[in-house]
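Reading through the structure tokens given below for one structure.
Taken together, the values in this text are just the output of simple stated rules run on the coordinates, not laboratory data. Nothing here was measured: the structure is a model prediction, and the numbers come from that model. Here the Cβ is made from the backbone with ideal geometry for all residues, glycine too, and neighbour counts use every protein chain on show.
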Amino acid sequence: MRIAIGADHGGYDLKLQLVEIIKTKGHEPVDVGADYFDASDDYPDYAKVVAESVAKGEVDRGIMVCGSGVGASVAANKVRGIRASVCHDTYSAHQGVEHDDMNVLCLGARIIGVELARELVDVFLSARFSGEERHRRRLRKVLAMEPCRFEREEKLE
């Protein structure tokens with residue numbers, strides 16, 4: 001599989017290790033940045049590239065690493081066709097794919113270490129969507145929600 005992987009400064013070091021882990025698992029990592037450590041970079045920039053790569057079919061799945069994994073998940077889920085989740089346990093990492101067709105794994109480098117990240121990536125990449133009717137029915141309902149966007153008139157300063 002081709003796997004897009006990205007990280008901001010909070011996940012930069014873990015991302016470098018995961019690129020090598022993905023290779024050892026027989027997959028092709030597509031590193032979308034950051035290309036160097038920059039303490040002032042922003043996770044949405046990399047989450048967008050990872051998510052769009054998955055949504056466009058340029059890669060099979062994505063992995064995004066930031067400090068907590070939360071911001072990466074929020075940002076990636078803004079891209080149509082993306083089902084991203086923070087997973088810091090192996091059950092969620094495989095069950096998210098098997099039941100919910102999760103296609104982007106988000107990790108928090110300040111929360112987990114490299115050994116747990118290795119396990120999470122392994123189960124995420126080896127999991128397959130079950131295709132069971134109940135899971136397809138639920139996924140159809142999730143997909144039907146995507147076009148719905150509510151604009152809020154807030155100024156972010």
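Near Lys141, which lysines are there with a Cα under 28 Å away, not counting those fewer than 8 places off in the same chain?
Once the sequence-local lysines are set aside, what remains near Lys141 is Lys48, Lys56, Lys78.
So what's the gap between the Cα centers of region 108-136 and region 1-18, to the nearest angstrom?
First find each Cα centre; the distance between them is then 15 Å.
Evaluate the charge dipole of the chain about its Cα centre and quote only its size in Debye, nearest 20, assuming +1 on the Cβ of each Lys and Arg and -1 on the Cβ of each Asp and Glu.
Values: 22 positive and 27 negative charges, 166 e Å.
With Lys and Arg at +1 and Asp and Glu at -1, about 800 debye.
Among the trypsin sites (Lys or Arg not before Pro) in region 1-108, which ones are in a DSSP loop with at most 13 other Cβ atoms within 10 Å of the Cβ? Mind listing them?
Lys56, Lys78, Arg80
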